[in-house]
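Asks: I have a structure here, written as structure tokens, and I will follow up with some questions on it.
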Amino acid sequence: MDCLFCKIISGDIPSAKVYEDELVYAFKDINPMAPVHVLIVPKQHLSSMNDITEENSALIAHIFVVASKLAKELGIDESGYRVVSNCGADAGQTVFHLHFHLLGGHKLNVEMC
Ligand code: 5GP
Ligand code: ZN
């Protein structure tokens with residue numbers, strides 16, 4: 001499958017790794033929108049939020065546990081942060097491998113939409 005994030009997970013395309021376990025890979029966004037901008041992705045290829053089901057919900061829960069841990073490790077748990085997943089055209093999704101943006105390190109725009 002010709003998927004950018006699958007290639008990053010496999011190491012075929014280099015990335016600045018922040019965290020990895022058997023289920024999840026996290027790396028710095030190449031075009032950061034905030035001082036901390038990490039992408040957290042499941043190693044399993046899911047295209048977007050639309051692919052989330054009861055069957056893979058434990059994986060999705062695990063991603064949020066990782067997000068909370070990374071926020072602490074990156075020192076933004078007290079100052080605050082946002083976790084975002086863009087789904088589809090209206091949200092501006094550009095990479096169709098499910099991912100969660102972890103954003104923080106400065107005052108984030110309060111307008112979410
Ligand atoms: P989306 O727009 O789909 O929600 O988010 C895709 C994100 O992937 C963007 O923030 C973009 O900067 C990031 N991105 C795109 N290509 C690469 C890449 O090759 N390496 C890294 N580290 N991030 C990328
Ligand atoms: Zn993929």
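Asks: How many residues does region 27-49 contain that are in contact (Cβ under 8 Å) with a residue 60 or more places away in the chain and in contact with a helix residue (DSSP H, G or I) (Cβ under 7 Å, 6 or more places away or on another chain)?
Replies: Step one: list which residues in region 27-49 are in contact (Cβ under 8 Å) with a residue 60 or more places away in the chain, which gives 29, 33-40.
Pick out the ones that are also in contact with a helix residue (DSSP H, G or I) (Cβ under 7 Å, 6 or more places away or on another chain) and you get 38, 40.
So the count comes out to 2.
Asks: Still on this structure, please answer the following. Can you tell me which of Leu102, Leu74, Leu70, Leu39 is over 13 Å from the mean Cα position of the chain (by Cα) and aliphatic (A, V, I, L, M)? Let's see the steps before the verdict.
Replies: Details: Leu102 fails: over 13 Å from the mean Cα position of the chain (by Cα); Leu70 fails: over 13 Å from the mean Cα position of the chain (by Cα); Leu39 fails: over 13 Å from the mean Cα position of the chain (by Cα).
Being over 13 Å from the mean Cα position of the chain (by Cα) and aliphatic (A, V, I, L, M) holds for just one of Leu102, Leu74, Leu70, Leu39, which is Leu74.
Asks: Separate question: For region 17-26, indicate whether the set of residues that are out of contact with any His (no Cβ under 9 Å at 6 or more places or on another chain) and either near ligand 1 (Cβ under 8 Å from one of its atoms) or polar (S, T, N, Q) (or both) is non-empty.
Replies: Taking region 17-26 first, the residues out of contact with any His (no Cβ under 9 Å at 6 or more places or on another chain) are 17-20, 22, 25-26.
With the extra rule that they be either near ligand 1 (Cβ under 8 Å from one of its atoms) or polar (S, T, N, Q) (or both), the set shrinks to none.
Checked against the condition, which is being out of contact with any His (no Cβ under 9 Å at 6 or more places or on another chain) and either near ligand 1 (Cβ under 8 Å from one of its atoms) or polar (S, T, N, Q) (or both), region 17-26 yields no hits at all.
Asks: So, one more: Just to be sure I understand, how many residues within region 43-68 are among the hydroxyl-bearing types (Ser, Thr, Tyr) and away from ligand 2 (no atom under 12 Å from the Cβ)? First the steps, then the outcome.
Replies: Going residue by residue through region 43-68, those that are among the hydroxyl-bearing types (Ser, Thr, Tyr) are 47-48, 53, 57, 68.
Imposing the further condition that a residue be away from ligand 2 (no atom under 12 Å from the Cβ) reduces the set to 53, 57, 68.
Looking only at that region, the number is 3.
Asks: Determine whether region 79-94 contains at least one residue that is more than 21 Å from Cys113 (Cα to Cα), in contact with a strand residue (DSSP E or B) (Cβ under 8 Å, 6 or more places away or on another chain) and open to solvent by less than 50 Å² (accessible area, probe 1.4 Å).
Replies: The initial filter retains those residues of region 79-94 that are more than 21 Å from Cys113 (Cα to Cα), namely 79.
Remaining after also requiring in contact with a strand residue (DSSP E or B) (Cβ under 8 Å, 6 or more places away or on another chain): 79.
If we keep only those that are open to solvent by less than 50 Å² (accessible area, probe 1.4 Å) too, we end up with none.
No, region 79-94 has no match at all.
Asks: Cβ-Cβ distance below 8 Å, separation of 6 or more or different chains: which pairs start in region 82-106 with a residue that is among the aromatic types (Phe, Trp, Tyr) and end on one that is within 7 Å of ligand 1 (Cβ to nearest atom) and open to solvent by less than 30 Å² (accessible area, probe 1.4 Å)?
Replies: Phe100/Leu39
Asks: Then there's this: Give the number of residues within region 31-42 that are surrounded by fewer than 16 Cβ atoms within 10 Å (Cβ to Cβ) and either more than 20 Å from Gln93 (Cα to Cα) or within 16 Å of ligand 2 (Cβ to nearest atom) (or both). Write out each step before concluding.
Replies: First, the residues of region 31-42 that are surrounded by fewer than 16 Cβ atoms within 10 Å (Cβ to Cβ): 31-33, 35.
Filter again for either more than 20 Å from Gln93 (Cα to Cα) or within 16 Å of ligand 2 (Cβ to nearest atom) (or both), leaving 35.
Total satisfying the criteria: 1.
The values are calculated or read from the model by the stated rules, or taken from the named source; none is laboratory data. The structure presented is a predicted model; accordingly, all values stated were derived computationally and were not measured. So basically every Cβ, Gly included, is an ideal-geometry build from the backbone, and we count neighbours across all protein chains shown. Heavy atoms of the whole protein, side chains included, go into the accessibility calculation; ligands, DNA and RNA do not. Shrake-Rupley method; radii C 1.70, N 1.55, O 1.52, S 1.80 Å.
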